[in-house]
Amino acid sequence: MENIKEIRNVDEIIHRLIADKIEMERQARENFKKPHYQEAIKRLNEKIRLNGNRL
Amino acid sequence: MEIDYSPYTYESIVDDGTIYIFKTDFELLYEISFKPTPYLFPSEKPFAKDAYEFSIIVIENPKHASPPFDNRIGGTIAKIFDSFYEQYGNTISLYICASHDNRQMVRFKKFGGWFTTFGNPKYIKIEAIPVDSKGIRFPLALIMKYGNPYKNEIVEAFHDLLLSFQK
């Protein structure tokens, strides 16, 4: 578990938000290959097959 | 010709409903994520735990082309927002635009357009464009529900955050 230190310098906060954003993108591309992600894609494809790709 | 704004079908990746995916007519796979950002507001604030950073990520682009203009994406994101806020009604979402390619203002304008066109009137959006110590502009938007019990305190805390940026 990450130890979140209190940071109130806004320059740091903005840069941490950007760093988190980059990390989210990296993690998303890494997770994409994992079974749980591929399972979700299968579920999505099945929904599209049954009901079309629109809500 | 009538413009098609209908949202795409989407699916949740994880049980807590913080990550969603959808596939466009142009075969792009998008991920919409909400990541907790408890450091955004001072930890003693009762709403600090409700802050999430919101991201729109292109996961798969088989044609390797720039994502084309697609009227259906904005509506899909709006539906996902509604779904997330149904689970976590007091969420404070923060959307910040990446600046690595200097296209942050283009992204911000696009996001603002989506919000105006598809945004549920139950939400408030506050925008700001702070500039960091190197002079880089970081457009950001904070979104919450009108019914958030800490609405006024959140607005005040957000202003305090931005004011401290100018010191």
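The values are calculated or read from the model by the stated rules, or taken from the named source; none is laboratory data. Computed from a predicted structure; not experimentally measured. Note: ideal-geometry Cβ built from the backbone for every residue, glycine included; neighbour counts use all protein chains shown.
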### Query
Does any residue of region A:19-40 turn out to be more than 26 Å from B:LEU94 (Cβ to Cβ), surrounded by fewer than 15 Cβ atoms within 10 Å (Cβ to Cβ), touching a strand residue (DSSP E or B) at 6+ places or on another chain (Cβ under 8 Å) and not acidic (Asp, Glu)?
no
### Task
Please determine, by comparing only the residues of region B:40-55 that are facing chain A (nearest Cβ under 7 Å) and surrounded by 19 or more Cβ atoms within 10 Å (Cβ to Cβ), which one is farthest from B:VAL155 (Cα to Cα).
B:SER55
## Note on the structure
Here the qualifying pairs (Cβ atoms under 6 Å; residues six or more apart or on different chains; first in region A:26-55 and within 7 Å of chain B (Cβ to nearest Cβ); second at pLDDT below 95 and part of a helix (DSSP H, G or I)) come out as A:TYR37/A:ASN31
### Message
Tell me the residue from B:THR37, B:THR18, B:THR9 that is in contact (Cβ under 8 Å) with a residue 24 or more places away in the chain and at the interface with chain A (Cβ under 10 Å from one of its Cβ atoms), please.
### Response
B:THR37
### Task
Please enumerate the residues belonging to region B:70-117 that are basic (Lys, Arg), closer than 22 Å to B:LEU29 by Cβ and assigned to a helix (DSSP H, G or I).
B:ARG72, B:LYS79, B:ARG107, B:LYS110
### Message
Please count how many residues of region B:57-76 are within 11 Å of chain A (Cβ to nearest Cβ), surrounded by fewer than 17 Cβ atoms within 10 Å (Cβ to Cβ) and within 20 Å of B:TYR95 (Cβ to Cβ).
### Response
1
### Summary
The correct count of residues that are over 12 Å from the mean Cα position of the chain (by Cα) and farther than 25 Å from B:SER6 by Cβ in region B:99-131 is 12
### Query
Is it the case that region B:94-105 has a residue that's buried (at least 17 other Cβ atoms within 10 Å of the Cβ) and touching a residue at least 60 places away in the same chain (Cβ under 8 Å)?
no
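Yes or no, residue by residue, for (1) surrounded by fewer than 19 Cβ atoms within 10 Å (Cβ to Cβ); (2) modelled with pLDDT of 90 or more:
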position: B:ASP4; (1), (2): yes, no
position: B:ASP15; (1), (2): yes, no
position: B:TYR20; (1), (2): no, yes
position: B:GLU86; (1), (2): yes, yes
position: B:ASN90; (1), (2): yes, yes
